[in-house]
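Enquirer: Below you'll find the structure I mean.
Bear in mind that the values in this text are calculations on the coordinates, not laboratory data. Since the structure is predicted, the reported quantities are computational estimates derived from the model, not experimental observations. Cβ coordinates were reconstructed from backbone atoms using ideal geometry, including for glycine residues, and neighbour counts include every protein chain displayed.
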Amino acid sequence: MGCCVSKQQVARTNRAAKWKTTGIVGLRDSNLKTLPNQVLDLARSVRTLDVTHNRLVDLPVEIGGLVNLQRLMASENVLQRLPSTIGKLQSLKVLALDENRLTTLPDELGLLVRLERLSVSMNALTSLPSALGSLRNLTLLNVSHNKLMLLPESLGSCYSLEELLANDNSIAELPYSICSLVHLKALGMDNNKLTQLPPLLLKECTSLQSLSIHGNPITAEELQLMDAFDEYESRRQRKFNKQLDANVMLNSKGLDEGVDLKLLNKA
């Protein structure tokens, strides 16, 4: 018995030493209900923490002590909330929280000024904090498959945003501030309740080359009458052709890109 305990202690010690040396804590598929104290004890040493596919109900407040953490992957758990101390992770660049049970996000997320990628798809979010507008380095925001009825006006301040995915929600309109996102390349709004788009969306979002709005009550005529539709269509087509040339456009759904092509072809 003592021998087995000793071996377990040695294994844990060796694991912690490896984590400290590499800065990478890999605990994916470990059947965890709580985050081990060994991880929290490493504090400044941890740069990547992957606890994907476990049974974590929450993240401890002590996680704020991992001040050099750059990547936090905690998808496929049962997280119901995030601690406010997550705002102390000032070095964080990637935060993946898909497939949990989150209903809200703390305002402290707005303190993560270096954050580049935030993915919270497949949760139960009913709103997003306006503090997200402080994330000036954010390039990807994925809030698909939630219960959102709107997006905050402050998103227009996420100047670096290149990809905004909000498919499968109940969003009835987009904030006009979205037109300020001059670096936005892809906007995914499939299966929402949009009846119109901000009038200047295609004119002001001059980098936009992928607009996906399948499953919304918008007519082809309304889209084609928008300012700068032809310019957008030209960008979309160039991207489409490049992908065809690279032989990466074929998938299980066939060829399907951008605005609802089937709808437009009937116009």
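Enquirer: What order do you get for 158-167, 104-113 when each peptide is scored by the mean count of other beta carbon atoms within 10 Å, highest first?
Expert: Details: 158-167: 20.2, 104-113: 18.1.
Answer by packing, highest mean first, reads 158-167, 104-113.
Enquirer: So how much slack lies between Val61 and Val10, counting 0.36 nm per residue of separation and subtracting their Cα-Cα distance, in nm? Please list the in-between numbers first.
Expert: Values: separation 51, 0.36 × 51 = 18.36 nm, distance 2.79 nm.
Stretched fully, the Val61-Val10 segment lengthens by 15.6 nm.
Enquirer: Net charge near Asp29, counting Lys/Arg +1 and Asp/Glu -1 over other residues with Cβ under 12 Å of its Cβ? Before the final figure, lay out each step's value.
Expert: Details: positive: Arg28, Arg55; negative: Asp50, Glu76.
So the environment of Asp29 carries a net charge of 0.
Enquirer: Can you find, among Ala228, Ser130, Leu111, the residue farthest towards the positive end of the dipole of the chain? Put +1 on the C-beta of Lys and Arg, -1 on that of Asp and Glu.
Expert: So the residue furthest toward the plus end is Leu111.
Enquirer: Between 0 and 90 degrees, rounded to the nearest ten: what's the tilt of helix 2-22 against the longest Cα principal axis of the chain?
Expert: Taking the Cα atoms of the chain, the angle to 2-22 is about 50 degrees.
Enquirer: What translational D, rounded to a whole number of µm²/s, comes out for segment 59-202 from Stokes-Einstein when the hydrodynamic radius is the Kirkwood one over Cα pairs, at 37 °C and 0.692 mPa s?
Expert: In µm²/s, the coefficient is 216.
Enquirer: Can you list the equivalent-ellipsoid semi-axes of the chain, largest first and in whole Å, using the square root of 5 times each Cα gyration tensor eigenvalue?
Expert: Gyration-tensor ellipsoid for the chain: 41, 19, 17 Å.
Enquirer: Counting each pair of different Cα atoms once, what's the Kirkwood radius of segment 1-124 in Å, rounded to one decimal?
Expert: Numbers: mean 1/r = 0.0672 Å⁻¹.
14.9 Å is the Kirkwood radius here.
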